[in-house]
Amino acid sequence: MALTLELVFLGISLLFLISIIANKFSERLGVPALLIFLIVGMLAGSEGPGGIPFDDPGVAQTIGVIALAYILFAGGFDTKWGEIRPVLWQGIALSTVGVLLTAACLGAFAVLVLGFSPLTGFLLGAVVSSTDAAAVFSVLRMARARLKGNLRPFLEFESGSNDPMAVFLTTGVIALILSPGTSGFALIPMFVQQMVVGGLFGYGMGKGIAFLINRLKLESEGLYPVLTLAMVLMTYGLTAAVGGNGFIAVYVSGLVMGNSVVVYKKSLIRFHDGIAWLMQIVMFLALGLLVFPSELVPVIVPGLLTAFFLILIARPIAVFITLLPWKMPVNEKALVSWVGLRGAVPIILATYPLVAGVPDAEMIFNVVFFIVLVSALVHGTSIPSVARWLGLAAPLQEKRKLSREFEVDPDTPSELLELVVPPDASAVGKQVVDLGLPKGTLIILMQKGDERFVPSGSTVIEADDTLLLLTTDDLAEDLRARFLGGEGRMDTPRSSE
C-alpha cells in the first residue's frame, strides 16, 4: 500500500494517542513517562510491529535539541526563584563539578572493565554524566513523589542546569578524539565562555521577553504563546551563535521570565507545560525509533554493569564529594544521589559521536540507551519509596480546586489565596459576616463537597470547605490568623503540578 499523506497523519496521531494513554497507566504503575514513550517508539520502529524506517541520528539530534530547549524553558518558567535561592550554589556545584566527577568515575570504569581507550571511556562518561530535566521534572512533580524542604527545587535546578556541562564535555572529548595532540586545557576558555555567555544572554532574553509581552499589547491573547515560542528558539540560536550555551540560556530565560510580572502568566505557564509534554513525546518517540532492539542484546551485560556502577557508585561519589562544603544531612545527600535519572539528554548526546564518526560510536549509543532504560526502571519507580525510607517524603497536598482558571492583573497588588478549612479551625461554625474579614478582602468562591458557589454573608463555614479569597500580600497572614484563631491550623495547598 502506497504511503499517502493521510496515512502519515493517521500514524502520527496513533503514536501520540498511544503514548498519552500509556502515560496514564504509567502513573498508576509508577513507571516514568519517558520509558513508555521510548518503548512506543521502539515498537513503532523498523524492528517492531509499526515497521517505520528511521535511521538518521542527525535528524534525531535536531529534534532532541529543539525539544529539550522548550522543556528547559518550561521548567524554568514554572520554577519560583524563592525556592531555588537557598540551594543555588549547591545546585551550581553539582551541575558542574558533580557532572565532571561522574564522567571521570564512569570513564575510569569503562577503561578498566569494558576495555575502552581512555578518551573513548571518558566520552561514554561525559554522555551519561548529567541527569535529565524532562525525566526529573516529570517524576518529581507527581503527587506521589513529594519531597520535604528544598529537595525538589534543588534536584530540578540541578537537572535543568547540568546539561550544558555534559554537552561541553561531550563535544570537547569528541574534538580531542578527532584532533589528536590537542591539549585538554584548551577547552577551559571555551567552557568559561559558554557558561558566562549562556547565563548572561539567558538573563537578558528573559527580561526582554517579559518586557515585550507586557508592552506589545497584542490584539489577540492567543498571539502571546506564539511570541514566547519564537523567543525560545531565538534565545537558543542567538546564544549559540555568539559562543554561549543555548541550553543554559533558555533555562535561565524561563526562570527570569517566570519570576517577573507578566500578563497572562497562568495561561502561558499552562501552554508551555503542554508544549513540554508534546516535546517529550516527540523527542522520546524519535529516539525510540532510532534504536534497533536487536543491537541492544550484545550490550546487555556491559550495559547492566555500567548502569549499576553509575547508580550505586559514580553518582553517590560525585554527590558526596561535591556537597562536602555544605552541611547537608546524610539522608538528603543519599536521596540526591539516588535521584540520578537519565533520560533523553544522554541519548541525544550519544548521537553526537554517531554524527561525528567517532570510533565505537554505535557501541556507545547502545550502551547509553540501555543505561537510560535501566535508570528509568530503577530510579523512576523507586524514588517515592526511597524518600519514605529516608524520612524525606512530604505529606500529600491537595491540588488547587478553585483558582486554576482565575487570573489576577499583575499590575495590581491583588493576590488569590486558596484555603482548605481543617476541622479544628476557629472559623468552623461561623457565618461569613462574622469572620471579620479585613477591608479589601472578599471570598469570591466557595466549595462544599461537590457544590461550588459565591457565598453570602449568612453562609456558614464548615470543616473541609474550600475558600478562594481575593486579597493582598500584606493581608495574607492576617487572614490565616482570622480563620485559624487559637491553635487551629489551616492548610494552604500548593499550585497544581
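Points to keep in mind about this one:
- Each residue in the range 440-458 was checked for being crowded, with 16+ Cβ neighbours inside 10 Å and of a type in the set (S, T, N, Q), and 2 pass.
- Checklist (1) closer than 23 Å to Val374 by Cβ; (2) part of a helix (DSSP H, G or I) applied to Leu341, failing item: (2)
- Candidates in the range 409-447 are the residues that are closer than 12 Å to Thr472 by Cα and of a type in the set (Gly, Ala, Ser); of these, the one that is modelled with the highest pLDDT is Gly440.
- Lys333 being in contact with a helix residue (DSSP H, G or I) (Cβ under 9 Å, 6 or more places away or on another chain), more than 15 Å from Gly125 (Cα to Cα) and basic (Lys, Arg): yes
- Leading residue by the ranking (modelled with the highest pLDDT) among those in the range 391-408 that are surrounded by 13 or more Cβ atoms within 10 Å (Cβ to Cβ) and among the small types (Gly, Ala, Ser): Ala393
- Test for Ile281: is it modelled with pLDDT under 90 and surrounded by fewer than 17 Cβ atoms within 10 Å (Cβ to Cβ): no
- Among the residues examined, Phe37 does not qualify as in a helix (DSSP H, G or I) and within 21 Å of Val232 (Cβ to Cβ).
- Unique residue being in a loop (DSSP other than H, G, I, E, B), small (Gly, Ala, Ser) and without any contact (Cβ under 8 Å) to a residue 40 or more places away in the chain when the list is Gly121, Gly115: Gly115
- Checked against (1) free of Cβ contacts under 8 Å to residues at least 24 places away in the same chain; (2) of a type in the set (Val, Ile, Thr); (3) closer than 30 Å to Gly258 by Cα, Ile281 passes all but condition (1).
- Breaking point among (1) out of contact with any helix residue (DSSP H, G or I) (no Cβ under 6 Å at 6 or more places or on another chain); (2) outside any strand (DSSP E or B); (3) modelled with pLDDT under 85, for Glu462: (3)
- Residues of the range 64-94 classified as small (Gly, Ala, Ser) and surrounded by fewer than 24 Cβ atoms within 10 Å (Cβ to Cβ), total: 4
- Count of residues meeting criterion [assigned to a helix (DSSP H, G or I) and in contact (Cβ under 8 Å) with a residue 60 or more places away in the chain] in the range 50-72: 15
- Residue satisfying all of: in the range 214-244; more than 16 Å from Met279 (Cβ to Cβ) and of a type in the set (Gly, Ala, Ser); surrounded by the fewest Cβ atoms within 10 Å (Cβ to Cβ) among these: Ser220
- One residue alone among Val127, Val97, Val113 is surrounded by fewer than 17 Cβ atoms within 10 Å (Cβ to Cβ) and under 21 Å from the mean Cα position of the chain (by Cα), and that residue is Val97.
- With a requirement of 1 or more residues that are assigned by TED's automatic domain parsing to the domain that holds Met190 and in contact with a Lys or Arg (Cβ under 9 Å, 6 or more places away or on another chain), the helices (runs of 4 or more DSSP H) lying completely within the range 242-299 that satisfy it span 246-258, 265-290.
- Pairs where the first residue, in the range 357-371, is in a helix (DSSP H, G or I) and the second is at pLDDT 90 or above and aliphatic (A, V, I, L, M), C-beta under 6 Å, 6+ apart: Ile364/Leu124; Val368/Val127; Val368/Val128; Ile371/Val128; Ile371/Ala307
- Residue satisfying condition, being aromatic (Phe, Trp, Tyr), over 18 Å from Leu151 (Cα atoms), out of contact with any strand residue (DSSP E or B) (no Cβ under 8 Å at 6 or more places or on another chain) and surrounded by fewer than 24 Cβ atoms within 10 Å (Cβ to Cβ), within set Phe320, Phe308: Phe308
- Flag if Val319 is touching an Asp or Glu at 6+ places or on another chain (Cβ under 9 Å) and either at pLDDT 90 or above or not assigned by TED's automatic domain parsing to the domain that holds Leu114 (or both): no
- Of all residues in the range 343-354, those that are within 11 Å of Asp163 (Cα to Cα) and in contact with a Ser or Thr (Cβ under 7 Å, 6 or more places away or on another chain) total 2.
- Evaluating Val87 against the criteria (1) part of a helix (DSSP H, G or I); (2) closer than 29 Å to Val299 by Cα leaves one unmet condition, (2).
- Any hit, the range 156-179, residues being surrounded by 15 or more Cβ atoms within 10 Å (Cβ to Cβ), touching a Lys or Arg at 6+ places or on another chain (Cβ under 9 Å) and part of a helix (DSSP H, G or I): yes
- Of the residues in the range 323-331, not one is in a helix (DSSP H, G or I), in the same structural domain as Val167 (by TED's automatic domain parsing), buried (at least 21 other Cβ atoms within 10 Å of the Cβ) and touching a residue at least 24 places away in the same chain (Cβ under 8 Å).
The values are calculated or read from the model by the stated rules, or taken from the named source; none is laboratory data. Keep in mind that what you see is a predicted model, and the values were worked out from it rather than measured. Counting neighbours? That spans all protein chains shown, and the Cβs are built from the backbone with ideal geometry, glycine included.
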